[in-house]
Amino acid sequence: METVIVLNDVRKVYRVGNEKVVALDSVNLNILKGEICCFVGTSGSGKSTLLHLMAGLEKPTRGSIIIKNMEIHKLSERKLAKFRQDYVGFVFQSYNLMPTLTAVENVCLPLIFKGIPKIIRNRRAKKMLKAVGLETHIKHKPTQMSGGQQQRVGIARAFVGNPEIVFADEPTGNLDTKTSKEVMDLITSIAKKNNQTLVVVTHDIEIARYADRIFYIKDGRIERIEVVEKSN
Amino acid sequence: MNSIDITAMAFKNLWRRKVRTVLTILGVVVGTASIVMMLSIGIGMNESFKQQVSMMGSLNLITVNPYYYPEIDDGGKVGYVEPQRNTLDDKALEKIAQIDGVEAVTPLLYYYLKFVSGKYVAYGQVVGIYADTMEAFDFKLSQGRHLTSEDTNALVFGSSMVYNFYDPSSRGRYWYYGMQEEAAIDVMNDKIVMTFDMSYGEKRPGGGGQPRDIRKRPIEVKVVGLLEQGQSEKDYSAYINIDYLKKLIKANTQTNKMPGRISYGTSNNTESYEQAWVKVTKLEDVERVQKAINQMGYGAYSLTDILRQMLDATKTIRMVLGAIGAVAFFIAAIGIMNTMIMSIYERTKEIGIMKVLGCMLKDIRKLFLLESALIGLLGSILGIGFSYGVSYLMNRADISFLDYGWYYSYGEKAQISVIPLWLTLAAIGFGSVVGILSGAYPAARAMRISALEAIRNE
């Protein structure tokens, strides 16, 4: 199987005042294409930092991050934007929808950035909204939707460009248990269907059960890796 | 991102904060209007100067004379400079005519002659010119035609010359210019003779004075054209083909056995004219041609000199006016920048999300530059519209705080505020450029916003 993400001896040190805080240390890992991975840890364990590094939002202090054979820790801001545009989808904890835009306009955003013509992107966005079960809320603004619905819009937005990798940062952090389950079902089923790599960061072990592999992060290190046996 | 999407997004963002956008645009409107109004008043001033000066004669006209005051660098000491005299003859004029930009050249040969028609007489200045240059030198006709080079005893009368005819036998009346409302004779049709004999046709009082010289035969002349009334010396002269006038003078000089009172045909036989006119095709060439003529050793003067002095005198006023406008515009630019920076603060998160979703940095920059450019563009367009309105009202309201006085009764009323097309276009272009420049710093800031900071969970 093709390896999509490779981390070699990644270390990340933050400087807080005069003190150095080691957020990540000696992280090595490979993630395969189409794999669903979860990073689980308490707050401050460094799991979010890891996600940010993989998404190119932060640079490691040391080590290398190779995604799709690109050394993304060496890419310029401009190339990182292009990289995200071409390969990466994002799902956030607080949805991060544009408050002034409707659901379909929000879903369209990544396609607008790619320069896809309006007719095509609208069609794709509507199709995507339908896939997340929101065909009735196409024209709704985020404030007119529940948290679960907003997160569905967020998921639609992450997947609309058909990216190879989708990063989800605590996607269920603001949702109740039932909705969380629905959202996770949705997100994993889409990723599986399209053979997309999904990287989820969560503190909730129940959510982590959706993954193929679970990485337990503690104090900036990978404590252990668990391969989840699927019952079916 | 394609440009349609960026434009749509920029408009949407501006529309989202209507009040602030409108207020910022209003600032630009005021800025544009003040700079345009101030400049337009300056331009109106210049225009009215030009109008006034051109009423005195054509601005394209250079008057040449044989005297030339060489420029001597005497270290600022003011002293009398001996003029140099050069021969200004047909040959010299031909050389002048060769100068690039010169349209026409004519010498002016002045002679004071007497006209007689029936019992009416008139004294007047007859000017010999190259007959075929009348059109070029702006001799505007009210009746008849211009002189042609075939003409001999044909004359073109200035408008006031007509009123010079009076009846010398009607005593007790002083004659002065403009006294008569109606011409005593019909110059175009009545028989007129012209003579060098100043006593011709009049009864000499008391039989004294000079004996009549019978050899000074009167010359029959025909008035072929009448000039429009202007405000120049043309009104008070009669024009004639110079070749014919020379012939007459020569004949008269021979009969008199004495040199004429003008330098033409003086004893040393140099045919130097006292004055000549040079018409320059383009106004902007006048100074250059004038200089060239100076370098040939002749004096050259034009109304452009006067105009330039007038313009120089008001330059400071115009600069102050422009500076006032510029200050207002500068404040508007600060307003744009302030609005954009505020907008970036508010949209930090939004910009961060855009970045994470793969929006290119150059698109973010374009978006912010476009927003500020739109404020500048809309503001300057509205400002120009506003200026046109104010300008129209000012011109209509007949505000006379800038009444320059003389020659106002003639011709078109001078406008107080003039907005030429170039100013309109420049203001709109300037507004947009200032908008973009004011947006440059905020846009750079927007680009620097860290995606990570922006999306961090609260």
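The values are calculated or read from the model by the stated rules, or taken from the named source; none is laboratory data. None of these values were measured; they are calculated from a predicted model. Here Cβ is always computed from backbone atoms with ideal geometry, including for glycine, and neighbour counts include all displayed protein chains.
Structure data summary
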| read-out | value |
| --- | --- |
| Region B:3-15 - residue that is surrounded by 14 or more Cβ atoms within 10 Å (Cβ to Cβ) and more than 47 Å from the chain's Cα centre (by Cα) and, of those, nearest to the other protein chains (Cβ to nearest Cβ) | B:Asp5 |
| First in region B:288-313 and closer than 12 Å to B:Tyr68 by Cα, second anywhere and assigned to a loop (DSSP other than H, G, I, E, B) and among the β-branched types (Val, Ile, Thr), Cβ under 9 Å, 6 or more apart | B:Ile293/B:Ile99; B:Met296/B:Ile99 |
| Total residues in region A:164-195, condition in a loop (DSSP other than H, G, I, E, B) and within 14 Å of another protein chain (Cβ to nearest Cβ) | 7 |
| Any hit, region B:28-42, residues being within 30 Å of B:Val105 (Cα to Cα), at pLDDT below 90 and more than 14 Å from every other protein chain (Cβ to nearest Cβ) | no |
| Hey, B:Met45 buried (at least 16 other Cβ atoms within 10 Å of the Cβ) and within 14 Å of chain A (Cβ to nearest Cβ) or not | no |
| Selected residue (only one of B:Ile306, B:Ile364 is of a type in the set (A, V, I, L, M, F, W, C) and surrounded by fewer than 19 Cβ atoms within 10 Å (Cβ to Cβ)) | B:Ile306 |
| Residue selected from region B:421-458 under the condition without any contact (Cβ under 8 Å) to a residue 60 or more places away in the chain and within 14 Å of chain A (Cβ to nearest Cβ), by the criterion surrounded by the fewest Cβ atoms within 10 Å (Cβ to Cβ) | B:Glu458 |
| Qualifying residues in region B:279-323 (those that are farther than 30 Å from B:Gly31 by Cα and small (Gly, Ala, Ser)) - the one farthest from the chain's Cα centre (by Cα) | B:Gly297 |
| Filtered residues of region B:298-325 (kept if of a type outside the set (Asp, Glu), under 20 Å from B:Ser58 (Cα atoms) and part of a helix (DSSP H, G or I)) | B:Leu303, B:Thr304, B:Ile306, B:Leu307, B:Arg308, B:Gln309, B:Met310, B:Leu311 |
| Criterion (modelled with pLDDT of 90 or more and away from chain A (no Cβ under 14 Å)) met by exactly one of B:Ile341, B:Ile364 | B:Ile341 |
| Residue within region A:178-189 that is free of Cβ contacts under 8 Å to residues at least 12 places away in the same chain and polar (S, T, N, Q) present | yes |
| Pairs with Cβ under 7 Å, 6+ apart, first in region A:64-91 and acidic (Asp, Glu), second outside any helix (DSSP H, G or I) | A:Glu71/A:Ser64 |
| Out of A:Arg157, A:Arg121, sole residue that is among the charged types (D, E, K, R), in contact (Cβ under 8 Å) with a residue 60 or more places away in the chain and either at the interface with chain B (Cβ under 9 Å from one of its Cβ atoms) or buried (at least 18 other Cβ atoms within 10 Å of the Cβ) (or both) | A:Arg157 |
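A quick yes/no check of all residues on (1) of a type in the set (A, V, I, L, M, F, W, C); (2) under 17 Å from the mean Cα position of the chain (by Cα); (3) surrounded by fewer than 17 Cβ atoms within 10 Å (Cβ to Cβ); (4) within 14 Å of chain B (Cβ to nearest Cβ):
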residue: A:Leu75; (1), (2), (3), (4): yes, no, no, yes
residue: A:Leu80; (1), (2), (3), (4): yes, yes, no, yes
residue: A:Gln85; (1), (2), (3), (4): no, yes, no, yes
residue: A:Val91; (1), (2), (3), (4): yes, yes, no, yes
residue: A:Met98; (1), (2), (3), (4): yes, no, no, yes
residue: A:Thr102; (1), (2), (3), (4): no, no, no, yes
